[in-house]
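Since the structure comes first, as structure tokens, the remarks are kept for the end.
We did not get these values from a lab; they are worked out from the coordinates using the rules stated. Model, not experiment: these values are computed from the prediction. Here Cβ is always computed from backbone atoms with ideal geometry, including for glycine, and neighbour counts include all displayed protein chains.
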Amino acid sequence: MPEYKAPVRDVKFVMQELLDCDKHYQKLGFEDASLDMVDAIISEAAKFNEQVIAPINQVGDQQGCTWADGAVRTPDGFKQAYSQYVEGGWPTLSQPIEFGGQGLPSSLSTAIGEFTSAANHSFAMYPGLSHGCMATLEAHGSEQQKQMFLPKLVEGTWTGTMCLTEAHCGTDLGMLRTKAELNNDGTYRINGSKIFISAGEHDLSENIIHVVIARIPGSPEGTRGISLFIVPKFNVNDDGSISDENGVTCGSIEHKMGINGSATCVINFDNAKGHLIGEINRGLNCMFTFMNAARLGVANEGVAHADAAFQGSLAYAKDRLQMRSLTGPKNPDGAADPIIVHPDVRRMLLTQKSIAEGGRALIGYLAQLVDIVQVSKDDNAIAIAEANLALLTPIAKAFLTELGLECASHGVQVYGGHGYVQEWGMEQLMRDAKISCLYEGTTGIQALDLLGRKILGSKGELLKVFATEVSTFCMQNGQTAELTTYCQTLGGYIKELGEHTQMIASKAVANPDEVGAASVDYLMYAGYVTLAYFWAKMAKVATEKLAEGSSETAFYKAKVKTANFYFERILPRAKGHLACMTNGADSMMAITEEEFIF
């Protein structure tokens, strides 16, 4: 099993050098988030994840969770690790001070979240869902609800979930059957079952707070009749103390392809007491707070998978001896050369590196936009941040998880036959990575959201905001010798994206299926172009550091050379997606259901 090392230097590069987090935090009023404080927190988070969370990753996969009589037991070491997680104050980091949080920026928590997901995806699931639960309560809960539930959730002694999916409906939430009937005291009786509930039952926390969608009798059909409720495992008194057991039980846990250390539960609500969040029939609007936070978290998992795969592959490639280099022996005293000398192994390693580091830059950028939306007083800055978040969140979620899975696959391939057996950890990583392409909206759902809702729905205005930012960068830096090729290439892709967006929009007027047919390829094209923008920006920073005479020449030269690899060997993939998305829906839709035979 590879030893996980948190990528501290690269995280600091992204936060401090690429995105200037010090200026960003001071502008937003995060006075405690000094560079020294940020450095200290990142270093401690790295140590905690390396020494406490990573060592229980493999045992979590091998043991999995166990269910008996409605109770779930987590794998060995998980409970103790979670206690240390709470004692270390990690759940409180970016939560409001008024509820016991430290009031630090959300983007700092996001950076640390990558460490936890890379060290142990299954463990990260338990506190991970709580963040969205807290964000939903903070944005839409009443003052009484906040006082009842947030302090313990912030502290981490309680955890949270989101309960959406039912057996007969996944993404199509308008089909839900869970009912909510009004009690005399203003609470609701919740009846129904939810499936695929991550961390829905476990032995880590004292209480579990479920955020549940349900329909109140008489409400409209479909998504217009969805309401949102807080349904705790144990009822909570007005002062926030635990009362009696609620009508919430775990009917079973799923036996899954991966993330075996995370309990994925069937949760049954039998006359459970629920508290309405927000307005009746406005539950889906409230739920978007939870879902958007979760989607950014899942995008971060894609980066974590790519980085974990790169770390394991790099260590193995430097150590494993096989064959001789085509250009002559590189290890003449050994029986063979290390496989890192072979071009195809370099291709896989650099793919992993370019996706992990490029994705980290994109996530860091999005996390700073979240900071702006949460605390800025500048209406124009908030409007731009919201526009870019709306556009880039589905891209980040789908693109980075698909590429994270590819990088995990490369990890197995670099190890060869050893990658296919359990002891090396690569096959677990690949199994764990697949779920990130599925939950919080599959790749296809994110693609429809991007092209249908965000781009065509805004008549191209959302795309224009980000395209303007990219074009401005290209114009400002295109005359710099080291950046000319990047800027010319990137500018051409952005222009091409705009032109073909208009073409798809025109075709969709006559045939709406054109949107669905083009959407995934459109998203992947946009993803490759978006990462190219961040690689161009990173190359700019690295080039400037080298010109200044930095002593970290290897680090900055690697940035420039990885940017070159991305532009020459990864970005051209977008052209294939362009061909597919412009070839129309006919070849997909011409075959009838009767002709689908085997």
- [ ] Grab the Cα-Cα distance for GLU552 and LYS495, subtract it from 0.36 nm times how many residues apart they are, and report the gain in nm with one decimal.
- [x] 16.9 nm
TODO: For PHE234, list long-range residues whose amide hydrogen, built 1.01 Å from N in the peptide plane, is under 5 Å from its own amide hydrogen.
DONE: ILE208, ASN246
- [ ] Hey, could you grab the Kirkwood Rh for the chain? Inverse mean 1/r over distinct alpha carbon pairs, Å, one decimal.
- [x] 25.2
Task: Net charge contributed by nearby residues that have their C-beta within less than 14 Å of GLY240 (K/R +1, D/E -1) - done: -4
- [ ] For the chain, calculate the relative contact order in percent as a whole number, restricting contacts to Cα pairs under 8 Å that are 6 or more residues apart.
- [x] 12
TODO: Quick one: which residues, 5+ away or cross-chain, put their amide H under 5 Å from the amide H of LEU93? H built at 1.01 Å from N.
DONE: GLN102
- [ ] Compute the normalised compactness of segment 90-222: alpha-carbon radius of gyration over 2.2 N^0.38 Å, N being the residue count.
- [x] 1.15
TODO: Figure the gain on full extension for GLU386 and GLN144 (residue separation times 0.36 nm, minus the Cα-Cα span) and round it to one decimal in nm.
DONE: 84.2 nm
Task: Among ASN237, GLY156, ILE216 the positive-end extreme of the charge dipole of segment 107-253 (Cβ point charges) - done: ILE216
Open item on the list: Could you order the peptides 119-125, 199-205, 467-473, 330-336 from most to least packed, using the average number of other C-beta atoms within 10 Å per residue?
Closed with: 119-125, 199-205, 467-473, 330-336
TODO: Go through 455-462, 260-267 and give me the packing order, highest mean Cβ count within 10 Å leading.
DONE: 260-267, 455-462
TODO: Report the charge-dipole magnitude of segment 460-586 in Debye, nearest 20, computed about the Cα centre from +1 at each Lys and Arg Cβ and -1 at each Asp and Glu Cβ.
DONE: 420
Open item on the list: Within 14 Å, Cβ to Cβ, of ILE97, how many net charges do the neighbouring residues add up to if Lys/Arg are +1 and Asp/Glu are -1?
Closed with: -4
Task: Histogram of C-alpha separations across segment 229-327, 5 Å bin width, % - done: 2, 9, 9, 12, 15, 15, 10, 7, 5, 5, 4, 3, 2, 2, 0
TODO: Mind pulling the angle between the C-alpha long axis of helix 121-140 and the longest principal axis of the chain? Nearest 10 degrees, somewhere in 0 to 90.
DONE: 60
TODO: Only Cα pairs under 8 Å and at least 6 apart count here; give the relative contact order of segment 287-448 as a rounded whole percent.
DONE: 33
Task: For peptides 376-388, 357-369, 184-196, 581-593, sequence by mean Cβ density within 10 Å, most packed first - done: 357-369, 184-196, 376-388, 581-593
Task: Centre separation in Å (Cα based) which lies between segment 171-231 and segment 251-318 - done: 17
- [ ] With 30 Å as the limit, write out which pairs from LYS79/LYS434; LYS23/LYS79; LYS5/LYS537; LYS12/LYS561; LYS330/LYS397; LYS47/LYS233 have Cα-Cα distances beyond it, or answer none.
- [x] LYS23/LYS79; LYS330/LYS397; LYS47/LYS233
- [ ] Apply 1/(1 + (r/R0)^6) to the Cβ-Cβ distance of ASP270 and LEU438, taking R0 = 25 Å, and write down the FRET efficiency to the nearest 0.05.
- [x] 0.30
TODO: Compute the FRET efficiency between LYS330 and THR484 as 1/(1 + (r/R0)^6), taking r as their Cβ-Cβ distance and R0 = 30 Å, and round to the nearest 0.05.
DONE: 0.35
Task: Alpha-carbon centroid distance for the pair segment 543-561 / segment 477-527, whole angstrom - done: 31
Open item on the list: With unit charges on the beta carbons (Lys and Arg positive, Asp and Glu negative) and the dipole taken about the Cα centre of segment 244-318, which residue among ASN271, THR249, GLY283 sits farthest to the positive side?
Closed with: GLY283
- [ ] Pop the C-beta distance of ASN511 and GLU469 into the FRET formula with R0 = 25 Å and round what comes out to the nearest 0.05.
- [x] 0.20
Task: Overall form of segment 380-486 per C-alpha gyration tensor (a/c, 1.5; a/b vs b/c) - done: oblate
- [ ] Report the extension gain between MET37 and SER458 in nm, rounded to one decimal, defined as 0.36 nm multiplied by the number of residues separating them, less their alpha carbon distance.
- [x] 147.5 nm
Task: Prolate/oblate/rounded call for segment 243-300, Cα gyration tensor, a/c under 1.5 rounded - done: oblate
TODO: Relative to the longest principal axis of the C-alpha atoms of the chain, give the angle of the C-alpha long axis of helix 283-319, reported between 0 and 90° and rounded to the nearest 10°.
DONE: 40
Task: Reference-scaled alpha-carbon Rg (2.2 N^0.38 Å with N residues) for segment 287-448 - done: 1.27
TODO: Lys and Arg at +1, Asp and Glu at -1: add these up for the other residues within a Cβ distance under 10 Å of ALA119 and post the number.
DONE: -1
